[in-house]
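Here is the structure we will look at.
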Amino acid sequence: MLRNYLLVGYRALARDPLFAIINLIGLSIGIAGCLIILLFIRHQLSFDSWIPQAERIYQVQREYTTGPQSGSRHGQNPYVAATALPSQLPEVEAFTDIVWSEGVVRKDGAPLGLPYSFATDASFFKVLPLPLVQGNPTTALAATGSVVLTEESAMSIFGRTDVLGRTVTRIGRGGGKDFRVTGVLRDIPDNSHLRIGALYRSSPAEERRAEHYESWTEISGWVYALLRPSSDAAAIEARLPQVLQRVIPKNQRDLSAADGLGYAIKLRNIRDINTSDIEMGTLRAG
């Protein structure tokens, strides 16, 4: 059968070579275009699926329910959401938060900028188990004064990646502060909504005024939740309006809104962030 096909094809080429070549070029371009489209779709659908237990990790987003921004999504939330919601949601195993942080360090006496630097808490690697090439994820951010660098950041500062125990001097509003390197994070691949250069473990007072960490009106960072196995994100979302009414003080709500809040909290699985509608506060590229 294959021999017959080859024979028919050869005769067509011999009978009208120009017509056959044009058809072959068109067919090749069509196949190449289909392959490129399929590879693009595969890449888009692979975002963050490489993270262990990705199916249980959700970004805690804000959706406005009143005013000119009604219906729009914000990828960020107040820092306090990560500390006030755990006691209210037993279906969630752990919360973590990352907050923009001053990313200037001292290298050979001169300032060096580290893009995508964040302050975070001890639960970061429990909620987002990103791979470390050095260090223990359980203890890397357990103590204040710790910093986890990506391979790229370690290379920028030290010219090498085996830097556990080394000191990074971070330049902030109060001058220089030393942080001990307790982990080296594998560089985040392109198919992730996360952009990370350094993760600092410091106290809220060192990052911002304390009220920024206690107020529901301050959009301060990105909050993530690790749901317990078999927990239903939709059921948790349905309970959140009542939970927010309990935990948010009245003077921090929009009491003129129909829901008495002015916004709702939504859960978005991290695998869906790249292709979802988020109008503000996203870490994803583009």
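When you scan the stretch 25-41, do you find a residue that is of a type in the set (F, W, Y), modelled with pLDDT of 75 or more and farther than 30 Å from R253 by Cα, even just one? It would help to see each step written out before you state the result.
To start, the set of residues in the stretch 25-41 that are of a type in the set (F, W, Y) comprises 40.
Then drop every residue that is not modelled with pLDDT of 75 or more, which leaves none.
Checked the stretch 25-41: no residue is of a type in the set (F, W, Y), modelled with pLDDT of 75 or more and farther than 30 Å from R253 by Cα.
State all residues of the stretch 66-105 that are of a type in the set (D, E) and modelled with pLDDT of 90 or more; if no residue qualifies, say none.
Start the filter on the stretch 66-105 by keeping residues that are of a type in the set (D, E), which leaves 91, 93, 97, 102.
Correct list: E91, E93, D97.
Among the listed residues L89, L112, identify the single one that is more than 17 Å from R56 (Cα to Cα) and either without any contact (Cβ under 8 Å) to a residue 60 or more places away in the chain or more than 21 Å from the chain's Cα centre (by Cα) (or both). Of L89, L112, the one residue that is more than 17 Å from R56 (Cα to Cα) and either without any contact (Cβ under 8 Å) to a residue 60 or more places away in the chain or more than 21 Å from the chain's Cα centre (by Cα) (or both) is L112.
Counting only residues that are aliphatic (A, V, I, L, M), more than 21 Å from the chain's Cα centre (by Cα) and open to solvent by less than 70 Å² (accessible area, probe 1.4 Å), which one in the stretch 241-286 is farthest from I98 (Cα to Cα)?
Taking the stretch 241-286 first, the residues aliphatic (A, V, I, L, M) are 243-244, 247-248, 255, 257-258, 261, 264-265, 267, 270, 273, 278, 280, 283, 285.
Subsequent filtering for residues that are more than 21 Å from the chain's Cα centre (by Cα) retains 243-244, 247-248, 255, 257-258, 261.
Filter once more, so that each one left must be open to solvent by less than 70 Å² (accessible area, probe 1.4 Å): 243-244, 247-248, 257, 261.
Values: V243: 22, L244: 21, V247: 21, I248: 21, A257: 29, L261: 24 Å.
Ranking the qualifying residues of the stretch 241-286, first place goes to A257.
When A238, A198 are screened for being among the hydrophobic types (A, V, I, L, M, F, W, C), open to solvent by 10 Å² or more (accessible area, probe 1.4 Å) and either at pLDDT below 95 or out of contact with any Cys (no Cβ under 9 Å at 6 or more places or on another chain) (or both), only A238 passes. Taking first residues from the stretch 264-286 that are modelled with pLDDT of 80 or more and partners that are charged (D, E, K, R) and not in a strand (DSSP E or B), the Cβ contacts under 6 Å between residues at least 6 apart in sequence or on separate chains come to L267/E237; I270/D48; R271/D48; N274/R284. Of the residues A142, A82, which is within 14 Å of Y200 (Cβ to Cβ) and small (G, A, S)? Just a single option satisfies the conditions, and that option is A142. So for the stretch 203-223 (the condition being crowded, with 18+ Cβ neighbours inside 10 Å, modelled with pLDDT of 90 or more and of a type outside the set (A, V, I, L, M)), does at least one residue qualify? Yes, the stretch 203-223 has at least one match. Given the conditions (1) closer than 26 Å to P52 by Cα; (2) in contact with a strand residue (DSSP E or B) (Cβ under 7 Å, 6 or more places away or on another chain); (3) modelled with pLDDT of 90 or more; (4) open to solvent by less than 30 Å² (accessible area, probe 1.4 Å), and given that H193 satisfies all but one, which numbered condition is not satisfied? Checking H193 against (1) closer than 26 Å to P52 by Cα; (2) in contact with a strand residue (DSSP E or B) (Cβ under 7 Å, 6 or more places away or on another chain); (3) modelled with pLDDT of 90 or more; (4) open to solvent by less than 30 Å² (accessible area, probe 1.4 Å), the one that fails is (2). A search for C-beta distances below 6 Å between a residue of the stretch 138-163 that is modelled with pLDDT under 95 and any residue that is outside any loop (DSSP other than H, G, I, E, B) and surrounded by 15 or more Cβ atoms within 10 Å (Cβ to Cβ), counting only pairs 6+ apart in sequence or on different chains, returns T144/R201; G145/F179.
I'd like the full set of residues that are closer than 21 Å to I57 by Cα and either open to solvent by 60 Å² or more (accessible area, probe 1.4 Å) or free of Cβ contacts under 8 Å to residues at least 40 places away in the same chain (or both), limited to the stretch 92-107. Show your work before the answer.
Let us first name the residues in the stretch 92-107 that are closer than 21 Å to I57 by Cα, namely 92-100.
Passing the criteria: E93, W100.
Checked against the criterion of being within 30 Å of R253 (Cα to Cα) and not basic (K, R), the candidates T96, T150 yield just one match: T96.
The values are calculated or read from the model by the stated rules, or taken from the named source; none is laboratory data. Keep in mind it's a predicted model, so treat the numbers as computed, not measured. Reconstructed Cβ throughout: ideal geometry from the backbone, glycine too, with neighbour counts over all protein chains shown. Keep in mind that these areas ignore ligands, DNA and RNA; they rest on the heavy atoms of the full protein, side chains included. Shrake-Rupley method; radii C 1.70, N 1.55, O 1.52, S 1.80 Å.
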